[in-house]
Every structure is written in structure tokens, then in C-alpha cells.
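The values are calculated or read from the model by the stated rules, or taken from the named source; none is laboratory data. Nothing here was measured: the structure is a model prediction, and the numbers come from that model. Neighbour counts run over all protein chains shown; Cβ positions are idealised from the backbone, glycine included. Heads up: the accessible areas ignore ligands, DNA and RNA and are worked out on the full protein's heavy atoms, side chains in. Shrake-Rupley method; radii C 1.70, N 1.55, O 1.52, S 1.80 Å.
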Amino acid sequence: MVPERAVILAAGLGTRMGGKPKGLVRVARREILYRTMALLQEKGVKKFVVVTNGKYAPLYREFIERYGFDAELIINPEPGMGNGHSLHLARGKVSGKFVLVMSDHVYSRDFIERAVNGEGLIADREPRWVDTEEATKVQVKDGKVWKIGKGLKEWDAVDTGFFILDGRIFEVTEALEKEKNGDYSLSEVMERAKVPVTFVDGLGWTDVDTPEEINRARRMLVRTAVKGTGDGFISRHLNRRISTRVSELLVEKVTPNQMTVLTFLLGILSALATLVSLPLAGILYQLSSILDGVDGELARAQLRSSKLGGYVDSILDRYVDGSFLAVLAYAILNEPIWYLVALLALLGSVMVSYSTERFRGAFCRDAYKEVPALRKLPGKRDERVFLTMLFLLYPATLSVKALFLTLAVLTNFRVALAIYFVVKKVSRPKTI
Ligand SMILES: Nc1ccn([C@@H]2O[C@H](COP(=O)(O)OP(=O)(O)OP(=O)(O)O)[C@@H](O)[C@H]2O)c(=O)n1
Ligand SMILES: O=P([O-])([O-])O[C@@H]1[C@@H](O)[C@H](O)[C@@H](O)[C@H](O)[C@@H]1O
Ligand SMILES: [Mg+2]
């Protein structure tokens, strides 16, 4: 059960960041704290307690009001003390289980979806986006924190700055308040409390302490924004390597919808280019296919995914494919039988997408997740576009006819197999 409360430690002065509230630093066009609070809210957290300092309180208050978060601000009058004291100040504001997070950590959706179901300190045994030299490291014994700190020589995992705790933690902070006169770190609290450790390994999260680490956080968000299923062979092994780098360059400047329109226009340009130069048309078509992945990456990295955006993007892709094949047939073919083949290629290209989208309409599920066999079938859009480019690099009527014949057979055979696999899956008892 996901806790309904979350405490956010945001009382630090951000000196390594040039003296600014790190939770309000924007990465991929969103404040760090917006992303964390919005994703936690999506998972069921209803109320937030933000512990900040007197200098940054007005800025956090404006931020909370602007986005309408149900959040209470607590002022830590001594931000120069350890952040364990900041946690202690939240005592009495939360009861039962609660989430505790750092304001300067950037978490991907996948990470939060896993972490909110954990217990105790969420630790990563395969940290991909932090400098382990700088990170807080944890030695785990019997499933609990045994030792914790940045200087550990031997360690089992890295502290992700994400915790699922309960009221008992304040017994430990109470004791440390007296022993340390209020100056102690969160790490000391966790080591004293011997909190349980939950491993969430290898997912997207990072700690932002310096301006350089903003770039690392941006790269993490984009690289982990690649959609899970549905990518074809060319997309997985070629297109995504390029599109994610383009997304990194654009993620602070371009919205997903702007990218959708740009990619559509490039696709239409590639169709018109078939009237001028087949090799150029093929290359532009492949370029538009690569960039077609950017709008989705931007949307997921910027937390701006929308059903409407995906809907429009899918329809525009069909028009690009239809226009390209139609203009290519008009430019090169002149025999009725080959117009028929071109028509079958165009129909098949649209039906590949329709067959999986109709599955979603009928069963409200993702076809590639429900019927894994579909992922192995060749003929997805990224593969078709790449194949088209290859055929058009040799600009001859024969290669165009061979292309249309290949697409007509490939796409319609794939649709037939898709129907077979779906029928097989649905007719099996207790499947969908
Ligand atoms: N007295 C403090 C010190 C830090 N923090 C919080 O604990 C997290 C980790 O601390 P750190 O990365 O050190 O943040 P800053 O102290 O702001 O950074 P700096 O050390 O560069 O000043 C941050 O979310 C920070 O806001 C806190 O709540 N109370
Ligand atoms: O590096 P930093 O942000 O100053 O230190 C932080 C620690 O104060 C915190 O206890 C831990 O949970 C975070 O992961 C991070 O390591
Ligand atoms: Mg930090």
C-alpha cells in the first residue's frame, strides 16, 4: 500500500549549486521537485510536508501554490545543521507510513513506481547515473542498514535518497537531537535505526548537487524515456541511439507537439522528394522515422505525455507513409498491375498499425505486452522505412517495383500472422 504522506527535505542552502533551492532547479523543463511530487501524487501520495529554510520558503510556497499541491511548509531555522534535523522537524506532521525523499534527487517514473512499494531505505546495487565516489553508500546486513556513509570502502548498494518509513524513526531522531544537539545527518539516523533495505536496481535516478550534474540528470531522463515495448529492430539498434541524443539537445527547448509537427513536415517533404531524387527521398524518409521517436522521448522526459499527442502522432505517421508510397507510385510506376501492388503495400502499411491499435481499442491493453509474439514479427514502421531507404538508394524502376512487392507481401503477411497470434491468445482460457 503506497503511503498517503510524503516528507521532502529541502532545507539545504544549495551552496554547490551557487546558493539556490535545488528542488526548484529545472531539468527537462520541469522543476526537480515538481517531477517528484507529481509522480508520487500519481502513485497515491496525497499530502506533502516540505521542510525548507527561511530564505527559500517564499519560493517553495509560490511553487506549491502555482501547481496546487496539497503541501505544508516547515521552516528549519538552522539549515547549516545536518539534514537529520530537518527530518525531525516533520515529527507530528506525519503519522503511520510515509515517503521520505530528497528535494535534489531526480527520479524516473519507473524508479518511483518500484520504490513506493518498498520498505525502509531504497538502495541501488547497480547505480547507473551517480558518481559512487560522491554517493552515500550502504553496507547491508540481514536485510537492514548496517553501515552508511559516503566514505565506506566496502559497500553493497547506494542510498537513492528515497525511503519508506513510519513514526518509529522519530524515536531515533529524538535521541540524536539530545546527543548531537540537533546537528546530525540523515545517514546517522538510518544507521542508528537499522532500517530495512529494499533494492531497486539499475533504474533512472540521480542526485543533483552541482550545475554539471544537471546535464547528467537530463541525460538520465531522456535515456530512460525510451518506450518499453513496440520498438522494431531498426529502432532498437539504430534509431534510438540517434533520437535520444537529439532529444538531449532539444529537451529544454522543444515541446513534444512541436516535434510531432516538425517530424510530420519532414515526412511530407520526403514524399515530395520522390519526384526529384529517390536516394534523397529515402534518406529524408529514414531521417523522419528517426525523429519520430523524439516527440515521445521529449513527452516522457518532460512529464508531458498525453493521449491526444499519441493519437495525433499516430495519425500523422499514417499520412506520411501513405503520402510517401502514393507519390512514389505516381512518380515511377505506369502499369495497372504495379499500381495494384503499390495499393496493397500502402494498405498493408496502414493495417500493421491499425491491427495493433485496434487491439488496444478492443481489449484496452497494449498488444505488444499482451501478445509478445508480435514483437518478433518483422514489418514494423521503423523497419519498413529503413528498407525503403535501402531500395531507393539504387534509383531504378525495378528497385521501386521490388520495394512495393516486398512491402505488400511483408505487411499483409504480418497482419495475417498478428490476427493468428491474437486469436490464439484470446481463445486460450483466462487470457484477456
Ligand atoms: N540542513 C539540511 C541540509 C540539507 N537538506 C536537504 O537534504 C538533501 C541533501 O542535501 P545536500 O545535497 O547536501 O543539499 P544542500 O545542502 O542544499 O547542498 P549543498 O551541500 O551544496 O549546500 C537536499 O534535498 C537538501 O535540501 C535539508 O533538508 N536540511
Ligand atoms: O550527496 P548529498 O545530496 O549531499 O547527500 C544525500 C544524503 O544527505 C542523504 O542522506 C542521502 O539519502 C542522499 O542519497 C544523498 O546522498
Ligand atoms: Mg544532494
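Restrict the check to the range 110-120 and report whether at least one residue is free of Cβ contacts under 8 Å to residues at least 40 places away in the same chain and under 27 Å from V25 (Cα atoms). Talk me through it step by step, then tell me what you get.
Taking the range 110-120 as the starting set, the residues that turn out to be free of Cβ contacts under 8 Å to residues at least 40 places away in the same chain are none.
There is no residue in the range 110-120 that is free of Cβ contacts under 8 Å to residues at least 40 places away in the same chain and under 27 Å from V25 (Cα atoms).
Tell me, which residue of the range 51-84 that is within 16 Å of ligand 3 (Cβ to nearest atom) and not small (G, A, S) is nearest to I122 (Cα to Cα)? Can you show your working first?
Filtering the range 51-84 for residues within 16 Å of ligand 3 (Cβ to nearest atom) gives 51-53, 56, 76, 79-84.
Next cut, not small (G, A, S) only: 51-53, 56, 76, 79, 81, 83.
Numbers: V51: 20, T52: 23, N53: 26, Y56: 28, N76: 25, P79: 25, M81: 24, N83: 18 Å.
Here the answer is N83.
Would you check which residues across the range 259-302 are open to solvent by 60 Å² or more (accessible area, probe 1.4 Å) and modelled with pLDDT of 95 or more and list them?
Taking the range 259-302 as the starting set, the residues that turn out to be open to solvent by 60 Å² or more (accessible area, probe 1.4 Å) are 261-262, 265, 269, 272, 275-276, 280, 283, 287, 300.
Passing the criteria: V261, L262, L265, L269, L272, L275, V276, L280, I283, L287.
Residues are listed down the side, and each one gets a yes or a no for (1) of a type in the set (A, V, I, L, M, F, W, C); (2) within 16 Å of ligand 2 (Cβ to nearest atom):
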site	(1), (2)
A217	yes, yes
R236	no, no
S243	no, no
E252	no, no
T255	no, no
L265	yes, no
L280	yes, no
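Could you name every one of the strands (runs of 3 or more DSSP E) located completely within the range 81-125 that has at least 3 residues being within 25 Å of K180 (Cα to Cα) and of a type outside the set (S, T, Y)?
Working: elements: 98-102, 105-107, 120-124.
Correct list: 98-102.
If I ask for residues that are touching a Lys or Arg at 6+ places or on another chain (Cβ under 9 Å), within 19 Å of L165 (Cβ to Cβ) and open to solvent by less than 10 Å² (accessible area, probe 1.4 Å), which ones from the range 4-32 would you list?
A6, V7, A10
Within the range 243-253, work out how many residues are open to solvent by 30 Å² or more (accessible area, probe 1.4 Å) and either in contact with a helix residue (DSSP H, G or I) (Cβ under 8 Å, 6 or more places away or on another chain) or among the β-branched types (V, I, T) (or both).
Filtering the range 243-253 down to residues open to solvent by 30 Å² or more (accessible area, probe 1.4 Å) leaves 245-246, 248-250, 252-253.
From what is left, the residues that are either in contact with a helix residue (DSSP H, G or I) (Cβ under 8 Å, 6 or more places away or on another chain) or among the β-branched types (V, I, T) (or both) are 246, 248, 250, 252.
Residues flagged as open to solvent by 30 Å² or more (accessible area, probe 1.4 Å) and either in contact with a helix residue (DSSP H, G or I) (Cβ under 8 Å, 6 or more places away or on another chain) or among the β-branched types (V, I, T) (or both) within the range 243-253 amount to 4.
Can you name every residue in the range 124-133 that is more than 20 Å from the chain's Cα centre (by Cα) and touching a residue at least 60 places away in the same chain (Cβ under 8 Å)? Walk me through how you get there before you give the answer.
Quick first cut of the range 124-133, residues more than 20 Å from the chain's Cα centre (by Cα) only: 125, 131-133.
Once the filter is applied, which keeps residues that are more than 20 Å from the chain's Cα centre (by Cα) and touching a residue at least 60 places away in the same chain (Cβ under 8 Å), the range 124-133 yields only R125.
Is it the case, given these coordinates, that V320 is closer than 22 Å to D295 by Cα, open to solvent by less than 30 Å² (accessible area, probe 1.4 Å) and within 31 Å of the chain's Cα centre (by Cα)?
Details: closer than 22 Å to D295 by Cα: yes; open to solvent by less than 30 Å² (accessible area, probe 1.4 Å): yes; within 31 Å of the chain's Cα centre (by Cα): yes.
In short, yes.
Cβ-Cβ below 8 Å, separation at least six or inter-chain, first residue in the range 196-212 and closer than 11 Å to V130 by Cα, second small (G, A, S): which pairs?
That search, which allows pairs on different chains as well, returns G204/S108; W205/S108; W205/G161; T206/A217; D207/A135; D207/G161; V208/A217.
Mind checking which pairs have a first residue in the range 300-322 that is in the same structural domain as T255 (by the TED database) and on the phi > 0 side of the Ramachandran plot and a second that is open to solvent by 60 Å² or more (accessible area, probe 1.4 Å) and outside any loop (DSSP other than H, G, I, E, B), Cβ under 9 Å, 6 or more apart or different chains?
L303/R109
Taking only pairs six or more apart or across chains, which ones have beta-carbon atoms under 7 Å, a first residue in the range 325-337 that is of a type outside the set (A, V, I, L, M, F, W, C), and a second residue that is part of a loop (DSSP other than H, G, I, E, B)?
Nothing qualifies.
Return a yes/no flag: does the range 66-86 have any residue that is of a type in the set (S, T, N, Q), at pLDDT 95 or above and within 30 Å of K227 (Cα to Cα).
Just the residues of the range 66-86 that are of a type in the set (S, T, N, Q), to begin with: 76, 83, 86.
Restricting the remaining residues to those that are at pLDDT 95 or above gives 76, 83, 86.
Subsequent filtering for residues that are within 30 Å of K227 (Cα to Cα) retains none.
No, there is no match, as no residue in the range 66-86 is of a type in the set (S, T, N, Q), at pLDDT 95 or above and within 30 Å of K227 (Cα to Cα).
Among the residues of the range 6-14, is any among the hydrophobic types (A, V, I, L, M, F, W, C) and in a loop (DSSP other than H, G, I, E, B)?
At the first step, the residues of the range 6-14 found to be among the hydrophobic types (A, V, I, L, M, F, W, C) are 6-11, 13.
If we keep only those that are in a loop (DSSP other than H, G, I, E, B) as well, we get 11, 13.
Taking every residue of the range 6-14 in turn, at least one turns out to be among the hydrophobic types (A, V, I, L, M, F, W, C) and in a loop (DSSP other than H, G, I, E, B).
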